[in-house]
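The values are calculated or read from the model by the stated rules, or taken from the named source; none is laboratory data. Note that this is a predicted model, so its numbers are computed, not measured. Heads up, the Cβs are rebuilt from the backbone with ideal geometry, glycines too, and the neighbour counts pull from every protein chain shown.
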Amino acid sequence: MILKLKRTPGIYLVGFMGSGKSTIGRALADELGWKFFDLDDQIERREGVTIAEIFETRGEAAFRQTETTVLREHVRSVERGQPQVISLGGGAFLAQENADLVLNHGVAIWLDCPFSMIERRIANQTHRPLARDPDKLRCLFDSRQPAYARAHYRIEICDDDAQAAVRQILALQLF
Ligand code: S3P
């Protein structure tokens, strides 16, 4: 295993909504025998409400604060040596504070998925507050690409085969 992961055993999957972060993250964690956490699930569990409800009742800024708090807690546990794969929500890697936390405490992998696939996967879903307007979704996708590119590694997602994505990650020779 590379030294950085020995010191801080965190793998962080970043990328746009619908790029497969949770499915691939879970499969990767299974393969490694590491714990898996989905940051959105952790937020919902902690707050006792859905992400959509947080957006509606408290607004996006409040959601982002909670997102950073929960991410920080996980990074602390990585620092204590608890190996984990963490799937970040699509906006979590954008704030510099979050990106620094992630980049300094393990390895960040961008699941780079074409917009056409994202559209197909998340069309007609209402639980993602930022995915309800198709034109805004496209703008958001384009504007976020440079932020995701700050990840240490980029994996191209070309189909729905999560195991193939896991194989690409394992081929990075990090473990
Ligand atoms: C968001 C993505 C969502 C969730 C929230 C905001 C975003 O996570 O965190 O709705 O800003 O892209 P997924 O990427 O898991 O859908």
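Of all residues in the range 23-36 being buried (at least 19 other Cβ atoms within 10 Å of the Cβ) and within 12 Å of the ligand (Cβ to nearest atom), which is farthest from the chain's Cα centre (by Cα)?
For the range 23-36, the residue satisfying everything is Ile24.
Are any of the residues in the range 138-159 surrounded by 17 or more Cβ atoms within 10 Å (Cβ to Cβ), under 14 Å from the mean Cα position of the chain (by Cα), within 16 Å of the ligand (Cβ to nearest atom) and in a helix (DSSP H, G or I)?
yes
Yes/no per residue for (1) out of contact with any Ser or Thr (no Cβ under 7 Å at 6 or more places or on another chain); (2) modelled with pLDDT under 95:
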{"position": "Asp112", "(1), (2)": "yes, no"}
{"position": "Ile118", "(1), (2)": "no, no"}
{"position": "Arg121", "(1), (2)": "yes, yes"}
{"position": "Leu140", "(1), (2)": "yes, no"}
{"position": "Arg144", "(1), (2)": "yes, no"}
{"position": "Ala149", "(1), (2)": "yes, no"}
{"position": "Leu174", "(1), (2)": "yes, no"}
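Any residue in the range 3-31 that is farther than 26 Å from Pro146 by Cα and among the aliphatic types (A, V, I, L, M) sitting within a Cβ distance under 7 Å of a residue that is away from the ligand (no atom under 16 Å from the Cβ) and assigned to a helix (DSSP H, G or I)? List the pairs, counting only those 6 or more apart or interchain.
Ala27/Gln163; Ala27/Val166
Give the residue that is farthest from the chain's Cα centre (by Cα), with candidates limited to residues of the range 160-171 that are small (Gly, Ala, Ser) and either loosely packed, with under 13 Cβ neighbours inside 10 Å or under 23 Å from Ile2 (Cβ atoms) (or both).
Within the range 160-171, the match that is farthest from the chain's Cα centre (by Cα) is Ala171.
Which of the following residues is out of contact with any strand residue (DSSP E or B) (no Cβ under 8 Å at 6 or more places or on another chain) and within 11 Å of the ligand (Cβ to nearest atom): Met1, Met17?
Met17
Does the range 49-75 hold any residues that are of a type in the set (Val, Ile, Thr) and under 20 Å from Val85 (Cα atoms), and which are they?
Of everything in the range 49-75, those that are of a type in the set (Val, Ile, Thr) and under 20 Å from Val85 (Cα atoms) turn out to be Thr66, Thr68, Thr69, Val70, Val75.
Picking from Val78, Val85, which residue would you name as being crowded, with 20+ Cβ neighbours inside 10 Å, touching a residue at least 24 places away in the same chain (Cβ under 8 Å), outside any helix (DSSP H, G or I) and more than 12 Å from the ligand (Cβ to nearest atom)?
Every option except Val85 fails the conditions.
Identify the residue in the range 111-132 that is more than 13 Å from the ligand (Cβ to nearest atom) and surrounded by fewer than 11 Cβ atoms within 10 Å (Cβ to Cβ) and, among all such residues, is farthest from Gly20 (Cα to Cα).
Asn124
Tell me, yes or no, whether the range 101-110 has at least one residue that is part of a helix (DSSP H, G or I), within 14 Å of the ligand (Cβ to nearest atom) and either under 15 Å from the mean Cα position of the chain (by Cα) or surrounded by fewer than 22 Cβ atoms within 10 Å (Cβ to Cβ) (or both).
For the range 101-110, residues part of a helix (DSSP H, G or I), within 14 Å of the ligand (Cβ to nearest atom) and either under 15 Å from the mean Cα position of the chain (by Cα) or surrounded by fewer than 22 Cβ atoms within 10 Å (Cβ to Cβ) (or both): absent.
Give the residue, chosen from Val14, Val49, that is buried (at least 19 other Cβ atoms within 10 Å of the Cβ) and either in contact with an Asp or Glu (Cβ under 9 Å, 6 or more places away or on another chain) or of a type outside the set (Gly, Ala, Ser) (or both).
Every option except Val14 fails the conditions.
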